[in-house]
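A.B. asks: Structure below; questions to follow.
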Amino acid sequence: MTAPRRHRHVTVAGRRVCHRVDGDGPPVLLLHGIGRSMRDFDDLHERLASRYRVHSVDLPGYGGSLPMTAPYTLPELGAFAGRYLDEVGVDRPVHLVGNSLGGAVAMQFAVTEPARTASLGLITPAGFGREVTILLRLLALRPFGRLLLRPSRWSVRHAERTLFHDPAFATAERIAYALEVARQPHAARVMLETARNLGTFRGSTSSGGRNCWPGWSGSTGPR
């Protein structure tokens, strides 16, 4: 697999996790959205690293990280964030920045670990209300969800271009990496488990996030 810039690997709960660490100062943890990877934060990571000790991490089963054995619920993903911070030696309150699913994970961590949370930076976060974009609702339908996730260059290119107002940012390198990740044998299973644990075709459920605000982002697409 093509490696992210200055990527590292660390073992968390017995599973390999891909991450990136740069800079000095107060710790920051960047958490990406469903179906995405820490590469979404490359530019932000580099800007923040001039003032902070910045950690970007691929959530379990996404990007270069192996899937976890626990269910893909918000409590489990929030606990993963804590175990990651323990493993890399972050022993002071951390600034959390989360996009979409990563925002919900950040909120879950803040609720269960308030003493370890310095601040929350939420970018179109999941976690407010029942409204869910149609694509994510369709993933909850069996077996239609798995058909939607069959990787192809066309579908990956389309998905990357929908993320940017300017399609020029959906570079050939981004598309190639997204296709490579989507073709991993566990990729579709992890995304389907995440989606189905947090919502149904009718929208988000509160069962996915005990001690956290229920829901997904009510915006225009997966992030």
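Conditions (1) at pLDDT below 55; (2) small (G, A, S); (3) crowded, with 24+ Cβ neighbours inside 10 Å, marked per residue:
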position	(1), (2), (3)
L101	no, no, yes
A110	no, yes, no
T117	no, no, no
G121	no, yes, no
P125	no, no, yes
V132	yes, no, yes
A140	no, yes, no
R153	no, no, no
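A.B. asks: I would also like to ask the following. Please go through (1) modelled with pLDDT of 60 or more; (2) within 23 Å of M68 (Cβ to Cβ); (3) buried (at least 16 other Cβ atoms within 10 Å of the Cβ) for H186 and return the number of the only condition it doesn't satisfy.
C.D. replies: (3)
A.B. asks: If you don't mind, another one. Of all residues being closer than 24 Å to T194 by Cβ and among the charged types (D, E, K, R) in region 36-61, which is most open to solvent (accessible area, probe 1.4 Å)? Just the residue, please.
C.D. replies: Going through the qualifying residues, I end up with D40.
A.B. asks: Which of the residues that make up region 12-29 are within 16 Å of Y62 (Cβ to Cβ) and outside any strand (DSSP E or B)?
C.D. replies: A13
A.B. asks: Right, next: For region 213-222, state whether one or more residues are at pLDDT below 80, within 16 Å of S100 (Cβ to Cβ), among the hydroxyl-bearing types (S, T, Y) and open to solvent by 60 Å² or more (accessible area, probe 1.4 Å).
C.D. replies: Yes, region 213-222 contains at least one residue that is at pLDDT below 80, within 16 Å of S100 (Cβ to Cβ), among the hydroxyl-bearing types (S, T, Y) and open to solvent by 60 Å² or more (accessible area, probe 1.4 Å).
A.B. asks: A further question on this structure: Anything in region 167-183 that is in contact (Cβ under 8 Å) with a residue 12 or more places away in the chain and not in a helix (DSSP H, G or I)? List them, or say none.
C.D. replies: Once the filter is applied, which keeps residues that are in contact (Cβ under 8 Å) with a residue 12 or more places away in the chain and not in a helix (DSSP H, G or I), region 167-183 yields A170, R183.
A.B. asks: Here is a further query. Which residues, taken from region 62-83, are crowded, with 22+ Cβ neighbours inside 10 Å and not in a loop (DSSP other than H, G, I, E, B)?
C.D. replies: Once the filter is applied, which keeps residues that are crowded, with 22+ Cβ neighbours inside 10 Å and not in a loop (DSSP other than H, G, I, E, B), region 62-83 yields L74, L77, G78, F80, A81.
A.B. asks: Residues of region 84-103 being part of a strand (DSSP E or B) and among the small types (G, A, S), which ones?
C.D. replies: Answer for region 84-103, where residues must be part of a strand (DSSP E or B) and among the small types (G, A, S): just G98.
A.B. asks: Against the conditions (1) basic (K, R); (2) touching a residue at least 60 places away in the same chain (Cβ under 8 Å); (3) open to solvent by 60 Å² or more (accessible area, probe 1.4 Å), where does R16 fall short? Just the number, please.
C.D. replies: Of (1) basic (K, R); (2) touching a residue at least 60 places away in the same chain (Cβ under 8 Å); (3) open to solvent by 60 Å² or more (accessible area, probe 1.4 Å), only one is false for R16: (2).
The values are calculated or read from the model by the stated rules, or taken from the named source; none is laboratory data. Remember, it's a predicted structure, so these values are computed and weren't measured experimentally. Virtual Cβ from ideal backbone geometry, glycine too; neighbours counted across all protein chains shown. Only protein heavy atoms, including side chains, enter the accessible area calculation; ligands, DNA and RNA are left aside. Shrake-Rupley method; radii C 1.70, N 1.55, O 1.52, S 1.80 Å.
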